[in-house]
Amino acid sequence: MCRKWADRGRRQEVVARVRIDDPPRRLFASHFCPRSQGERRSAHGQNLHTTCYNKPMRLHGYAPRPAHIKWLLDSDPAIRWQVMRDLTGEAPNAIAAERSRVATEGWGAKLLALQSPAGSWGGPKWDLITLYSLVVLKDLGLDPASKEARKMIDRVDKRLVFKWLNNRPYLHGETEPCINGRILGIGSYFKEPNDALANQLLSEQLEDGGWNCEAPKSRRSSFHTTICVLEGLLEYKRAGRKSAAVTKARKSAENYLLERRMFRSLRTGKVIDKCWLRFSFPMFWHYDVLRGLDYLRDAGIKPDSRVGDAIEAVMERRHQNGRWPLNLLHPEHIPLEMEIDVGGASRWNTLRALRVLRWYNNSTW
């Protein structure tokens with residue numbers, strides 16, 4: 001069963017505009033994409049003027065400088081431990097000590113505290129807000145072995161169900177691959193890998209290599225759905241589920257992205273969606289170039305010439321001060337504010353861009 005639009009006329013109007021890379025039915029919302037780099041919007045929606053500098057530089061010029069590292073470290077534990085791991089190469093015990101603070105300080109602790117005793121976050125649309133909140137906790141790097149994480153995921157596992165699917169347990173997934181990819185990743189990271197859910201996703205892979213929540217109506221894959229499933233399958237593999245079928249499925253989906261240069265039409269070579277060149281955090285279900293590249297880095301994929309255009313797009317987003325801005329905010333939400341100043345410097349985007357460029361620059365292809 002797939003949820004329907006309350007306003008049937010509005011749904012018909014929207015469907016007429018859907019392309020192969022539009023979001024799935026249940027998650028559809030018109031996303032906010034700033035009209036130009038020179039337009040800056042405050043958290044209250046007021047237009048401000050800013051300048052985005054795109055000074056051409058050689059690739060090695062994008063290595064983090066001491067001032068950049070200092071700025072990144074002067075932040076939340078979730079940022080700090082990933083900087084220590086991905087950019088400064090600190091000792092494992094120092095990284096683990098900083099990571100442990102995610103559960104008790106800053107963003108991670110705040111989001112954990114907002115979980116209801118029933119296991120969910122949010123109100124009427126608790127299922128999606130809960131999904132987004134769980135994904136953010138994973139992205140923050142909440143240690144799944146911590147007592148706080150165990151308490152959190154046990155609530156989800158024991159108390160949350162999809163009533164509209166005959167009370168199916170939440171971590172068993174529902175019907176759409178974009179959501180099930182995220183749930184597979186959450187379960188694999190915080191609890192245990194769900195073989196049945198992974199097999200369901202493998203059975204839904206399309207001939208061109210990806211996934212689409214509009215299948216079988218659409219037989220062409222969606223970047224949005226594909227990246228959600230890929231991230232889930234990566235966590236599934238890391239949880240110990242290494243199989244030839246999963247490896248083959250991931251390889252086909254990765255090639256789907258790479259053959260399209262991470263953001264271009266395979267047929268025309270044109271940019272599919274210019275909003276994919278603007279970066280945000282959290283990403284929710286939305287695909288963008290930085291998210292795609294960061295997945296490849298995280299998965300240990302060796303970069304080749306097919307990511308060159310995407311790497312250039314990341315470099316072009318850099319401000320002259322060596323930081324990457326928050327280009328947009330998506331309309332979805334979780335009950336936690338992190339970075340909200342659109343146009344202002346973003347530690348999340350800067351961290352992710354720097355580690356992607358380091359991954360690319362260290363390759364020998």
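The values are calculated or read from the model by the stated rules, or taken from the named source; none is laboratory data. Small disclaimer: the values here were computed from a predicted structure and weren't measured. Quick reminder, even Gly has a Cβ in these numbers, built from the backbone with ideal geometry, and neighbours come from all protein chains shown. Calculation scope for accessible area: heavy atoms of the full protein, side chains included, ligands and nucleic acids excluded. Shrake-Rupley method; radii C 1.70, N 1.55, O 1.52, S 1.80 Å.
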Pair ARG65, ASP154: separation of 7 Å Cα→Cβ label points (nm) = 5.0
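Which loop-located GluC sites (Glu not before Pro) does the range 169-219 contain, where loop means any DSSP state but H, G, I, E or B and the Cβ has at most 15 other Cβ atoms within 10 Å? Don't skip to the end; give the middle numbers.
On the way: sites: GLU174, GLU204, GLU207, GLU214; in loops: GLU174, GLU204, GLU207, GLU214.
Taking the range 169-219 and a limit of 15 other Cβ atoms within 10 Å, the loop GluC sites (Glu not before Pro) found are GLU207.
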Mind checking the per residue accessible area of the range 218-362 for me, 1.4 Å probe, whole number of Å²?
-> 37
What is the extension gain from THR175 to ALA94, computed as 0.36 nm multiplied by their sequence separation minus the C-alpha to C-alpha distance, in nm to one decimal?
-> 25.0 nm
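Once the piece of chain linking GLU337 and LYS302 is laid out straight, how much longer is it, given 0.36 nm per residue of separation minus the C-alpha distance between them? Before the final figure, lay out each step's value.
Values: separation 35, 0.36 × 35 = 12.60 nm, distance 3.44 nm.
That works out to 9.2 nm of additional length.
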Lys/Arg +1, Asp/Glu -1 at C-beta; the range 92-189 dipole; positive extreme among LEU140, ALA96, LEU114 | LEU114
Using a 1.4 Å probe on the protein chains only, how many percent of the accessible area of the range 213-253 belongs to carbon and sulfur?
-> 51
For the residue pair ASN255 and ASN199, what label-to-label distance in nm results when each label sits 7 Å from Cα along the Cα-to-beta-carbon direction?
-> 2.5
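Quick check: residue separation of LEU165 and TRP126 times 0.36 nm, minus the Cα distance between them. What number comes out in nm?
On the way: separation 39, 0.36 × 39 = 14.04 nm, distance 1.53 nm.
Taking LEU165 through TRP126 to full extension adds about 12.5 nm, to one decimal.
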Check the straight Cα-Cα distances from LYS237 and name the lysines below 25 Å, setting aside those fewer than 8 residues away within the same chain.
-> LYS138, LYS147, LYS151, LYS158, LYS191, LYS248, LYS251, LYS302
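With contacts defined as alpha carbon pairs under 8 Å and 6 or more residues apart, what's the relative contact order of the range 96-202 in percent?
Values: 110 pairs, mean separation 24.5, N = 107.
With pairs under 8 Å counted, the relative contact order is 23 percent.
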Between ALA113 and ARG219, what is the label-to-label distance in nm when each label sits 7 Å out along the Cα-to-Cβ direction?
-> 5.4
The answer for the range 113-191, accessible area per residue at 1.4 Å probe in Å², is 39
Cα gyration tensor shape for the range 217-288, rounded if a/c is under 1.5, else prolate or oblate = oblate
Please work out the Cα center distance from the range 289-343 to the range 148-204, rounded to the nearest Å.
-> 27
